[in-house]
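Below: one structure, written as structure tokens.
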Amino acid sequence: MDYYTDAILRALQLIVSLDSEVIQVVTTSLKISISSTLIASVISIPLAILIARNKFKTKKFINIILNTMLSLPTVVVGIFVYSLISRRGVLGELELLFTPAGIIIGQVILIVPLITALIRNVIFSMDEKLYKTATSIGASRYQKFKLLILEARYGIIGAVIAGFGRVLGEIGISMMLGGNIKGVTRTITTAMSLETNKGRFAFALALGIILLSLSFLINFVTYFLQEGKNYASR
Amino acid sequence: MQADKIIEVRNIKKICSEKLILDINQFAVFKNKFNFIIGGNGSGKTSLLNILSLIDQDYQGELYYRGQKINRDEQNLKLRRKFSVIWQDPYLYRGSVFYNIALPLKLRDINQNIIVRKVKAMASRLEIENLLEQSAHTLSGGEKQKTSIARALITDPEILFVDEATTNLDEESIRFFNSHFADLVTEEMTVVMVSHDRRQIKELADQITLLKAGEIELTQKIDNFKFENFGAGIAVPVAELV
């Protein structure tokens, strides 16, 4: 029992004392996750609106592909991107393997389907009168797009946060494409795996507590945005 | 083309789920008049209003504004901005009543000081100035409709389209609408109104068009219109019963 108590106490001590190594891992992780979430959002928001609001022949097919990609295993994305950016891959010359950019590419591929599908569902569920009203009050095409984003903002933020949560907690892509290089590509999850294997249980536990706290915060914000007490009056 | 026709419809067909729901050879909206469109449920009144107000551009046939053919793309934005619509069940955007009324002016890049002045004046005319800071999603049905009327009138539209604006309202709101609506509309405004309300028709209409199964049964000046022959399509308003 002392083993656990001791580990938890030392983990908390590492967090409270703002241990430089812990801070470095968390910062790297947040930088990579925020970058990939932002890039994925820029792709996903217009894509979701395009799918939800337009009629085209391949729409059903695209929706099936999108839904399939929701359950994409991280290692599959890892292998796919590895084949592209490794030395012999088509993008090998760019030397992206074992760099933060490499991880970001993989994570973007991982969460674009997730964010797109969630936002698509938000747009689908919006009142058709929203579009008719926008036209009737004299909105241009761009202004209609802006109004739609504003109306769906809580759902969109929720989808983006869900994407952020997914990349923050993934390990397959970060490990395969990042290589777990200290101070460069060592993220919370890859560091936890490595440090546990090395026997630094308290250090891994400290990162685990931080990851869990971040996940709780993400879920809390998502819940508050989507179902908070003032939801009806917003 | 006659000078007093502001919008003209030629050979319009609207197909919905492979069913022909509107088939109109000729129809005109007369300038500075109250043009009423009446008819039973499913007669195509709202479909026609949606086409006339350029909300629905998915139809066959041609539409003319002051003798000029109307394009069916983003180019008609300038024309769309001369029109306003009051819906039966209005949609208000997230935000305050002020935001909703001001929105059409913001979309037209009007100066903020002018927006504030115009919104306050319009809210006062509709007796909703005390609601301006309130969230639009907390309003009652009548307050929502008043907000949507203010939003539609704030741009001084050349043509105002009204789609059964009082159908979902309570007695008091219907009374307010009937007693204030004519005053809210300026003399330069043309009104196209879909309504079942016999009192509204009697008091406001200049021109009346009766639709039946997507086709025009008759279109004429109100003076010659005999309500007795078309009682089934025109409801007796609640306000008239009390």
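The values are calculated or read from the model by the stated rules, or taken from the named source; none is laboratory data. As the structure is a computational prediction, the values presented were derived from the model and not from experiment. Glycine also receives a Cβ, built like all others from the backbone with ideal geometry; neighbour counts cover every protein chain displayed. SASA here: full protein model, heavy atoms, side chains in, ligands and nucleic acids out. Shrake-Rupley method; radii C 1.70, N 1.55, O 1.52, S 1.80 Å.
A few points about this structure:
- Neighbouring partner chain Cβ atoms per residue of A:140-148, average, 10 Å criterion: 2
- Exercise: per-residue mean of other protein chain Cβ atoms within 10 Å, B:85-95: 4
- Just checking the listed ones, A:ILE149, A:ILE34, A:ILE111: in the Gaussian network model of chain A with Cα springs under 10 Å, the one fluctuating most is A:ILE149.
- Cβ-based charge dipole, chain B, positive-most Cα from B:THR155, B:ILE128, B:LEU49: B:THR155
- Accessible surface of B:HIS196, taken over heavy atoms with a 1.4 Å probe and every protein chain present, rounds to 40 Å².
- Max mean-square fluctuation residue, GNM over chain A, Cα-Cα springs under 10 Å, options A:LYS129, A:LYS31, A:LYS198: A:LYS129
- Cα shape, the range A:2-232, gyration tensor, a/c 1.5 rule: oblate
- Accessible surface of the range A:2-232, 1.4 Å probe, proportion on carbon and sulfur as whole %: 67
- The mean accessible area for residues of the range B:22-172, using a 1.4 Å probe and ignoring ligands and nucleic acids, is 41 Å² per residue.
- Remark: for residue pairs B:LYS14/B:LYS69; B:LYS45/B:LYS106; B:LYS13/B:LYS78; A:LYS132/B:LYS146, the C-alpha separation exceeds 21 Å in B:LYS45/B:LYS106; B:LYS13/B:LYS78.
- Computed over the range A:2-232: relative contact order in percent, which uses C-alpha pairs under 8 Å that are six or more apart: 31
- Buried on complex formation within the range A:149-197 (loss of at least 50 square angstrom of accessible surface versus the isolated chain, 1.4 Å probe, ligands and nucleic acids ignored): A:GLU151.
- Using only side-chain charges placed at the Cβ, +1 for Lys and Arg and -1 for Asp and Glu, the dipole size of the protein assembly as shown relative to its Cα centre rounds to 1200 debye.
- Most mobile of B:GLY39, B:GLY214, B:GLY141 in a GNM of chain B (Cα contacts under 10 Å): B:GLY141
- The chymotrypsin sites (Phe, Trp or Tyr not before Pro) of the range A:1-57 that DSSP puts in a loop, and whose beta carbon has at most 14 other beta carbons within 10 Å, are A:PHE56.
- Put simply, the convex hull of the Cα atoms in chain B casts, on average, a shadow of 13.6 nm².
- Computed P(r) (all Cα pairs; the range B:2-126; 5 Å bins; percent): 2, 8, 16, 19, 17, 14, 12, 8, 3, 0
- For the range A:81-195, the solvent-accessible area of protein heavy atoms averages 41 Å² per residue (probe radius 1.4 Å; ligands and nucleic acids excluded).
- Per-residue shielding of B:100-107, expressed as the average number of other chain Cβ atoms within 10 Å of the residue Cβ, stands at 3.
- Degrees, to the nearest 10: A:100-124 long Cα axis against longest axis of chain A: 40
- Calculated from backbone phi, Karplus (6.51, -1.76, 1.60) coupling profile of the range A:207-220 in Hz, x at Gly/Pro: 5, x, 5, 5, 4, 5, 5, 5, 4, 4, 4, 4, 5, 5
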